[in-house]
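Student: Starting off with a structure, shown below.
The values are calculated or read from the model by the stated rules, or taken from the named source; none is laboratory data. On a predicted model such as this, the values are computed, not experimentally measured, just so you know. Because the Cβ atoms are built from the backbone with ideal geometry, glycine has one as well, and the counts that use them run over all protein chains shown. SASA here: full protein model, heavy atoms, side chains in, ligands and nucleic acids out. Shrake-Rupley method; radii C 1.70, N 1.55, O 1.52, S 1.80 Å.
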Amino acid sequence: MSANLQNENPEVKELNQLPSRVEEEEDLLLSSTKQWLTEIESEQTNIKEERDPIDPQEIYDLLAKINDPEHPLTLAQLSVVKLEDIEVVDNVEGDSYITVHITPTIPHCSMCTLIGLCIRVRLERCLPPRFHVDVKVKKGTHASESQVNKQLNDKERVAAACENEQLLSVLNGMMATCV
Amino acid sequence: MSSNLVALYLFSIDRSQDEANDVVDRIVEEIVTDRMGIVDLVTSIGEYLTDNNISVRAKAVLLLSQTLGELPKDRLPAKHVSVLLQFYLSRLDDEVTMKENALGIGALLNMQNFPAQKIVDVCKALFSSTDMPKYAQATRLNILKVFETIIDNYLFFISSQTRDAFFSGICSTFAGEKDPRNLMLVFSMLKKILSTFPIDGFEQQFFDITYCYFPITFRAPPDATNLAITSDDLKIALRETLVANDAFSKLLLPALFERLKASTVRIKIDALNIYIEACKTWRVGAYLWSAKDFWESIKQEILNSTDAELQNLALGALNTLASKFYKEEGFSSSFTEFVDMILIQLSQRLLEDVNVKSCGSCAAVFASLASISVETFNYCSCNFLPSVLDLPMVNEPLEKQKGMLVFLEYVYKCLVLLYGKWRSKNQADIDNPLLVYKDKQLSFVSGSLMGTAKDETEIRMLALKVIFLMASIKNFLTESELTMVLQFLDDIAFDFSDPIKKKATECLKDLGLLKPDFLLLTSFPFAFSKLTDDVTAKSSSEETFKQYLSVLVSISEERSLFKALVIRLVEMLKDQFKSKEMSVDLVESIVQSLSVAFKERNDRNEQEIPFFFEELLKQLFTLCFANCESMNVRCLIYVSQTINEIVRVNHFEFQEKFVGQLWKLYMENSNSDLIETEGCEKAAERFTLAASLSDQKFLNLVVLLQGGLNGLSKKLHFIEKLNIELLNLLINVVFVTESPGVKISALRLISSLINKCEKDEDISSFISSKGVTSLWDKVYTGTPKESEAALDVLAWVDKALVSRKHSEGIPLAFKLLDTLNLQNVGDSSVKALSIIIKDDPALSKENSYVEKLLYKQRFYASVSPKILEHISTATGGEKSLYLMLLSNVIGNVPKEIVIPDMPSILPLLLQCLSLSDISVKLSTLNVIHTSVKELTSLLTEYLDTLIPSLLAIPKDMNNPTVVRLLALKCLGSLPEFTPTTNLQLFRDKVIRGLIPCLDDPKRVVRTEASRTRHKWYI
């Protein structure tokens, strides 16, 4: 594959330029604090937890680290996945859906379907089943946009693709860096 | 005798190398003690040396060679060495014993009496008789070692007449080596020859046998576990050999440039590393001729590469080359010609297209040239910058603006480097070529920062970096411009919804360190007026106050700013207490911020203690005493922590004086300097600790006493001697108080006083005093509340004893352990016993609390067997109490001491996971999470129990976030360390079981659940 790259010189974003949520909460939870008060508070306060809604940034973080099948770069670095192209409606009681528009690096990119499939698989693995997931190619960015969209949102085709062991191992390879 | 030993050697060498070595040792001993001569040995093995059996011949030579190797270096006289050398050289045509021969020659070369003039004969014989490709690796290695000895010790005996023959012999012998072990030796020898000798006439030959290995890669075969050589070792050795002599210059550099133009990234990186090394090692004249060729071969990598490592390395190489060039030739015409060539190409590229990528790479090249010196910066700026900086910026597409900002960032970084920041001693002339562009750029950068939409993070972040750099450069911006920049930064840092507020706060902090007076006049009034507005409007919550104050604390690292901040905050506190509409939230936020500010200051290890601290202590005590009725315990604890931070870092005399005043205030009915007379003299006059026992509001002031005494030095007379009166009063406080905060403060103070006291005997007599012994009665016969308080006191006393390894510590813990059987007291006993081993934030080494080496280990080793014994016999509720205790103990000792006991403890820990107590779950999960790597095989046996428990915890919303998170982390670490085959059975169950966790209310848990689930798709 690498011998004959379709897009030899893609636009690459530096890692520090990518939109990210500083994950301090986990460190804060796990680090032992040196404040004298916490000792007393932990025993007294009741657990009250507000819900953090699922937002585009959270979805972006799930997808950002997927590796491109051609380059040793992530989809976020290549701007295939962009924060502004993710739509989320998170409604615990009713309908929830997510739409991700991907931007191929070049209009005739044949990897587009594979990337879209990988995004779909990743989201289905990481999101609760109440979400309806749509993965689409961004309008006007790909030569065979409607065809790719049709393939990506055909449940049976996606399911069949996931049965294919060879394809699955390629997808797993792309997602290997997502941990 | 010798013939017996020879026979024994020949017999034993096939069986065991150790036995054979023993025989050699015996022979050496015989020779050293003159019981055997070397001639005897040679005679004894003589018959074997001509044996038709190859193996026997080889063994015989090996014996002789090994013996020579083990003999003391000065043992053999020159005559014997010569004869033996002749013997070995004459045997070189016996190919099958070449390995052993080489070993013997090597041993002789190391002899003190080796005749150096013979070295030419040795070389000649070796060159003519050896045919390296024929031999096995070990044989080649022995021959190479002979050459190593020659090169190390006898290189200078090679005369000019014999030099040519030696060099060509070396080149043909060393050529074509393939084994990495031998190759390392070859490289090191070549390096020595090349760096010691002029190699005129042999450049091509030496270059050929060395460069043929480039690019070198090596991966050790999977069965070669002892092979310590890595690909990097070989790369480094090859690099050092290639740059050892600059005679290679004309051969090496063109070859490297070819590689740089067309090969894979890894090879280009290797080639660049060699080039950089060459620039650093060689005479400048040896490579200057190549400067233009280098740029031509590397410019594509710098301007268009997608590999950051390669790009940075190439820039580093360019910088090294240019700075060497500048140092050697100064500002010569050839240097400016070189620089001009590059700058013209950069200009052309930028004129084609201005975007982030082109600007970033061009600016990086500019910076690598311009940053060499002020002179080069001025030259590069005058010749190149106008073409870029005159480009229109405002109203251009966003991409173009971003590109320009990236460019400016590099330019201003150079400027900071060369002209220095404010406060730096760098006196470079500031008449820099960028001054003419300052206004235009400042307005452009300000527009990008403040004029674009908030969520355009990328461009605003870039603008922020540039404007910060501009503000940092010494004498660059005027006062009014600086003020304007600070106002921008204030607007961002104090806008809590701004995504770049954190970076803006950092910039403010750094500018505060450089120009504190400006922050004092700009940021402080801004923040305090906003804070006051919010308080007046009553629109803000505690969270908002804390955010304002946290930014203020962050930016006030500089000393004068810190002082100003503390004074303003204390004034604000005073105003609040005077005000009729006091905001409790604001008061709490202020005292909390004060404690954080002092703690961070101490954590930064700022040695200097400002003089106003003494005054501050007075103000804090006065405020609290005057307002103790309206101040809650939480606020008092924050103040107490602030007092502790101030006192603990202060000098001995200060502490001595302070403790005297504190004593007056709390124990005697006399005037203390800690109270300003204004307003609260009445409260202070009425107050003593003993009297306060009858009034809960006054009792709260114990919290401040603890803060004051907690951090005192052990050497203070007050601390050295145990103060029984105070201790008994504090015990009473524990029983009387209704506030958990006051209770824990009193307990901490009791523990701190006992722990830091000088003499063990004083402690023993206190423990046996009525005040303490009566506590046991309360444990057994008192009301539940009394027995809980008594247990708490005993536990905190024991904590002090255990951590200073007092002899009564462990027995007291055993007595406490016995209370677990008591009805209605068990839970409190578990809590009490856990306190002994749990780290407490107030009782730390920083506060001079004595924590002797391995005290936790000792406690664990004594107590855990007892707990395990009880667990095996206990039933029902009692058992769960012991399990809780076990988990708490294990969770608080270093994991290294628990791991050996894990086979017996793990099944019990797994039971703890199903208990409802949250702290038990937390400590159990912590133990499992931190030790899963070491426990892989053990955990495999318990997967049936472990996985369902771990799956159940995150689904149960009664567990707090941290417990749910840790359970998922434990579950996620299993596939990382456990063999896949053991987990296959559970795979589908876990993947299915984790679905509810993907919808957890907390984002951290959801993220961890998706990570864990991802890991389980094995």
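Student: Do the alpha carbons of any pairs in A:LYS82/B:LYS921; B:LYS73/B:LYS235; B:LYS454/B:LYS474 sit beyond 32 Å of each other, and which pairs?
Tutor: Values: A:LYS82/B:LYS921 40 Å; B:LYS73/B:LYS235 36 Å; B:LYS454/B:LYS474 30 Å.
Checking Cα-Cα distances, A:LYS82/B:LYS921; B:LYS73/B:LYS235 exceed 32 Å.
Student: What's the extension gain from B:SER90 to B:GLU615 if we count 0.36 nm per residue and subtract their Cα-Cα distance?
Tutor: Numbers: separation 525, 0.36 × 525 = 189.00 nm, distance 9.43 nm.
Additional length available on full extension: 179.6 nm.
Student: Could I ask something else about it? P(r) for the range B:505-606, please, calculated from all Cα pair distances in 5 Å bins and given in %.
Tutor: Each 5 Å bin holds this share of Cα pairs: 2, 13, 24, 26, 18, 11, 5, 1, 0.
Student: In nm, to one decimal, how far is the modelled label at B:LYS714 from the one at B:VAL83, with both set 7 Å along Cα→Cβ?
Tutor: Calculated label separation equals 7.2 nm.
Student: A further question follows. Please state, as a whole number in µm²/s, the translational diffusion coefficient that the Stokes-Einstein equation yields for the range B:98-166 at 37 °C and 0.692 mPa s, with Rh defined as the Kirkwood radius across alpha carbon pairs.
Tutor: Values: Rh = 12.4 Å.
Translational diffusion coefficient: 265 µm²/s.
Student: Projected onto the charge dipole of chain B (+1 at Lys/Arg Cβ, -1 at Asp/Glu Cβ, origin at the Cα centre), which of B:LEU822, B:CYS635, B:THR264 gives the Cα projection farthest towards the positive end?
Tutor: Positive-end residue among those listed: B:LEU822.
Student: Follow-up. If R₀ is 45 angstrom, what is the calculated FRET efficiency for the pair B:GLN857 and B:ALA952, using the beta carbon separation as r and rounding to 0.05?
Tutor: On the way: r = 33 Å, r/R0 = 0.74.
For B:GLN857 and B:ALA952, the calculated efficiency is 0.85.
Student: P(r) of the protein assembly as shown in 10 Å steps, Cα pairs, percent per bin?
Tutor: Final binned percentages: 2, 7, 11, 13, 15, 16, 15, 12, 7, 2, 0, 0.
Student: What residues from the range B:259-280 fall in the zone where the backbone N is under 13 Å from a label point 7 Å along the Cα-to-C-beta line of B:GLU328?
Tutor: Under cut-off, by backbone N: B:278-280.
Student: Report, as an integer, the average count of C-beta atoms from other chains found within 10 Å of each Cβ along B:1002-1011. Don't jump to the answer; show the numbers that get you there.
Tutor: Details: counts 6, 12, 9, 4, 7, 8, 1, 2, 10, 4.
Across B:1002-1011, the average partner-chain Cβ count within 10 Å equals 6.
Student: Return the inverse of the average 1/r over all pairs of distinct C-alpha atoms in the range A:53-174, which is the Kirkwood hydrodynamic radius, in Å to one decimal.
Tutor: Details: mean 1/r = 0.0688 Å⁻¹.
Result for the range A:53-174, one decimal place: 14.5 Å.
Student: Multiply the residue gap between B:ASN475 and B:LYS657 by 0.36 nm, knock off their C-alpha separation, and tell me the result in nm, one decimal place. Walk me through the intermediate numbers first.
Tutor: Values: separation 182, 0.36 × 182 = 65.52 nm, distance 4.63 nm.
Additional length available on full extension: 60.9 nm.
Student: Given a Förster distance of 51 Å, report the FRET efficiency between B:LYS989 and B:GLU309 from their Cβ-Cβ distance, rounded to the nearest 0.05.
Tutor: On the way: r = 43 Å, r/R0 = 0.84.
Efficiency, from the Cβ-Cβ distance: 0.75.
Student: Could you work out how far apart the two model spin labels at B:GLU668 and B:GLN487 are, taking each label as a point 7 Å from the Cα in the direction of the beta carbon, and quote it in nm?
Tutor: 5.7 nm
Student: Which chymotrypsin sites (Phe, Trp or Tyr not before Pro) does the range B:324-403 hold that lie in a coil by DSSP with at most 16 other beta carbons within 10 Å? Spell out each step's value before the answer.
Tutor: On the way: sites: B:PHE325, B:TYR326, B:PHE331, B:PHE335, B:PHE338, B:PHE366, B:PHE377, B:TYR379, B:PHE384; in loops: B:PHE331.
Sparse-neighbourhood loop chymotrypsin sites (Phe, Trp or Tyr not before Pro): B:PHE331.
Student: Now for a different question. Per the Cauchy relation, a quarter of the hull surface: what is the mean projected area of the convex hull of the alpha carbons in the range B:1-124, in nm²?
Tutor: Numbers: hull surface 28.1 nm².
Seen from a random direction, the Cα hull of the range B:1-124 projects 7.0 nm² on average.
Student: What is the percent carbon and sulfur in the accessible area of chain B, measuring with a 1.4 Å probe over the protein chains and ignoring ligands?
Tutor: Details: 21500 of 41930 Å².
Roughly 51 percent of what the probe reaches on chain B is carbon or sulfur.
Student: Suppose R0 equals 30 Å; then what is the FRET efficiency for B:SER168 and B:ILE236 from their Cβ-Cβ distance, rounded to the nearest 0.05? Walk me through the numbers before you get to the answer.
Tutor: Numbers: r = 28 Å, r/R0 = 0.92.
For R0 = 30 Å, the calculated efficiency reads 0.60.
Student: With no solvent and one point per C-alpha, what does the Debye sum give as log10 I(q)/I(0) for the range B:921-1017 at q = 0.16 Å⁻¹?
Tutor: -0.58
Student: Follow-up question, since we're still on this one. Please give me, ordered by residue number, the trypsin sites (Lys or Arg not before Pro) of the range B:756-798 that lie in loop per DSSP and have at most 14 other Cβ atoms within 10 Å.
Tutor: Values: sites: B:LYS756, B:LYS759, B:LYS770, B:LYS778, B:LYS785; in loops: B:LYS759.
When the trypsin sites (Lys or Arg not before Pro) of the range B:756-798 are filtered for loop state and at most 14 Cβ neighbours within 10 Å, B:LYS759 remain.
Student: Given the pairs B:LYS438/B:LYS530; B:LYS400/B:LYS501; B:LYS413/B:LYS501, which span a C-alpha to C-alpha distance of over 26 angstrom in this model? Walk me through the numbers before you get to the answer.
Tutor: Numbers: B:LYS438/B:LYS530 31 Å; B:LYS400/B:LYS501 24 Å; B:LYS413/B:LYS501 22 Å.
Where the Cα-Cα span goes over 26 Å, the pairs concerned are B:LYS438/B:LYS530.
Student: Taking the simple approach of a point 7 Å from Cα along Cα-to-Cβ for both B:GLU606 and B:ASP827, what is their distance in nm?
Tutor: Label-label distance for B:GLU606 and B:ASP827, simple model: 4.5 nm.
Student: With N set to the residue count of the range B:404-464, report its C-alpha Rg divided by 2.2 N^0.38 Å to two decimal places. Let's see the in-between values first.
Tutor: Numbers: Rg = 13.4 Å, N = 61, 2.2 N^0.38 = 10.5 Å.
Ratio of Cα Rg to 2.2 N^0.38 Å: 1.28.
Student: Subtract the Cα-Cα distance of B:VAL32 and B:LEU49 from 0.36 nm times their separation in residues, and report this length gain in nm to one decimal.
Tutor: Answer, rounded to one decimal: 3.8 nm.
Student: Please report, for the Cα atoms of the range B:883-959, the Rg to one decimal and the Dmax as a whole number; what are they, in angstrom?
Tutor: Computed over the Cα atoms of the range B:883-959, radius of gyration and Dmax are 11.6, 34 Å.
Student: What is the projected area of the convex hull of the Cα atoms of chain B, averaged over all directions, in nm²? Mind showing how you got there, number by number?
Tutor: On the way: hull surface 227.7 nm².
Taking the Cα atoms of chain B, their convex hull projects to 56.9 nm² on average.
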